[in-house]
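The values are calculated or read from the model by the stated rules, or taken from the named source; none is laboratory data. None of these values were measured; they are calculated from a predicted model. So basically every Cβ, Gly included, is an ideal-geometry build from the backbone, and we count neighbours across all protein chains shown. Calculation scope for accessible area: heavy atoms of the full protein, side chains included, ligands and nucleic acids excluded. Shrake-Rupley method; radii C 1.70, N 1.55, O 1.52, S 1.80 Å.
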Amino acid sequence: MHDDDICRHFYGVKDAYSYGNFDVKALSDRVEEVVSKMANLQRKLESTVLQMEKNKDELDRTSISKSEYKKFLEEEVIKPLYNAHISLRQISLPRVEGVGNTTLKEDPLINLFTIEEIRKYITPKRNRIGKISIYGTERTYNTIGHACVLMKKELEEYMDYDIGSYCKDDWNLAQKLMLNGCDPLPRRRCLTRASKLYQKPYAINESLWRIPDYRNVRWNNYMCRNFDCLSSKNSKRGYFKCTGCFEMDKEKVKWVTNSSLPVDFLITEVFTIKPGEIRIGLDFGVGTGTFAARMREHNVTIITTALNLGAPFNEMIALRGLIPLYITLNHRLPLFDNTMDLIHTTGFLDGWIDLQLMDFILFDWDRILRPGGLLWIDKFFCHRKDLDDYMYMFLQFRYKKHKWVISPKSKMEVYLSALLEKPPRSL
């Protein structure tokens, strides 16, 4: 019988059936993997027997000890046979659902990965005793980013650990996965490492404008080994964005001191536009939390997005007593619709970004910004020839312009700063 005939014979699937509900290639690859392991074991055993036949006379004169024989069986037979056995047991066949118009369904990606911990994570978890959860669902799906399938080797390395033991010091591998679209990452069941010399953080009345204790950071995956090394004067500091943002004397003057550039807005100017209305917000950029620190002095709570791009940005923000949000551009913001009073962005969305990607990001910002909320674009820069394209991206939402300033950055580039108010859109 042909393959389709076999399917119909065993599963009762009609001619119109398609294989869209499960990953045939992944299933085939897993079966091929098991077959290959068994074939390799057979070849190895046959080769050993053939070698013994050739050296029959010599074998008659010598004897193999029990320990040598045991070692041979363990390493050359039992271990590869066990690996093939485990691989075979891990294969998940699609299940039949429905009566009459039957369909085959498979747990998503279940046959793609071989590391058991990944498989356990992505397998849907049925509610106990068949109850419906408070979310109205019968099972819970743990999610991973779709690009994880393109980084199978790295993800399996990340998820290869001893349950309940200490995790490897591999946050940089996790960040690499996130930046390449394997985001969200799966949760892990191992214990996070902390600095062996961890000290009690400074009190909030001094932590905002004081460099934290270097002993509270794990420096293994950075070029520097302390905060002094992160100075803008050090060409080997390991990062290039946000130069000088680990130097408090430079950070203290931001947004509170007039500069020669018209694109530099002051926090006090923003508060005069919406007096008493700015309470919570999001700072989307690259930095050490200085904008959030300044806003905290005005009793405003700001969440600061951060990635550790060559330096401990997340640790620095947290040690200052502020809230870091470890998130990439790939990710939908984990905030509900119409909730933020303010979104501030600087140093991140520059002229390198693809227009369509930027479009998705701006619509996500519009989603979480409340009616009457402010979008503060702080020194966005791009090539002069691209300015019209980027201006359209910001203006398409028809926000009210409170401030809109364009200023030259260099011969070929320009700055754009703007303060825009989201309209009501009451429907």
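What to note about this one:
- Share antiparallel - DSSP beta bridges, region 280-427, percent rounded to 5: 45 percent
- Probe 1.4 Å, accessible area per residue of region 164-248, Å²: 60 Å²
- Compared with the dominant Cα axis of the chain, that is its longest principal axis, helix 24-54 is turned about 40°.
- Vicinal HN-Hα couplings computed from phi for region 294-302 (Karplus, 6.51 cos²θ - 1.76 cosθ + 1.60; Hz; Gly/Pro x): 5, 5, 5, 5, 9, 6, 10, 9, 10
- Counting only the Cα atoms, the chain fills a convex hull of 284 Å³ per residue.
- Label point distance in nm, residue 258-residue 240, each placed 7 Å from Cα along Cα→Cβ: 3.6 nm
- Crossing angle, helix 79-90 versus the chain [Cα axis fit, 0-90 degrees, rounded to tens]: 60 degrees
- Within region 57-78, backbone nitrogen closer than 17 Å to the virtual label 7 Å beyond the Cα of residue 44 toward Cβ: 68-78
- Set 37/176; 125/176; 250/422; 241/409 screened for pairs whose C-alpha atoms are more than 21 Å apart: 37/176; 125/176; 250/422
- Values of log10 I(q)/I(0), in the order q = 0.10, 0.11, 0.12, 0.14 Å⁻¹, for region 204-422 under a Debye, Cα-only, solvent-free model: -0.44, -0.54, -0.65, -0.90
- Highest-MSF residue in the chain out of 112, 41, 282 [GNM, Cα springs under 10 Å]: 41
- Using the Cα coordinates of region 122-180, the gyration tensor eigenvalues translate into equivalent-ellipsoid semi-axes of 29, 16, 10 Å, sorted from longest to shortest.
- Global form of region 304-403, assessed from the alpha-carbon gyration tensor, a/c cut-off 1.5: oblate
- Sum of -39500 (n - 2.57) over DSSP H runs of 4+, divided by residues of the chain (222 nm, nearest 500): -9500 deg cm²/dmol
- Cα-based Rg and Dmax for region 313-363, where Dmax is the largest Cα-Cα distance (Å): 13.0, 36
- Surface composition of the chain: carbon plus sulfur atoms contribute 55% of the solvent-accessible area (1.4 Å probe, protein chains only, all chains present).
- Neighbours of residue 127, meaning other residues whose beta-carbon lies under 12 angstrom from its beta-carbon, give a summed charge of +4 when Lys and Arg score +1 and Asp and Glu score -1.
- Using a cutoff of 8 angstrom between alpha carbon atoms and counting only pairs six or more residues apart, the relative contact order for the chain works out to 9 percent.
- Mean Cβ neighbour count within 10 Å, used as a protection proxy, ranking 399-408, 362-371, 309-318 highest first: 309-318, 362-371, 399-408
- Separation of alpha-carbon centers, region 331-370 and region 134-169, rounded to whole Å: 27 Å
- Listed residue pairs exceeding 24 Å between alpha carbons, taken from 79/153; 168/233; 56/79; 252/401: 168/233; 56/79; 252/401
- Within the chain, percent of DSSP bridges classed antiparallel, to nearest 5: 50 percent
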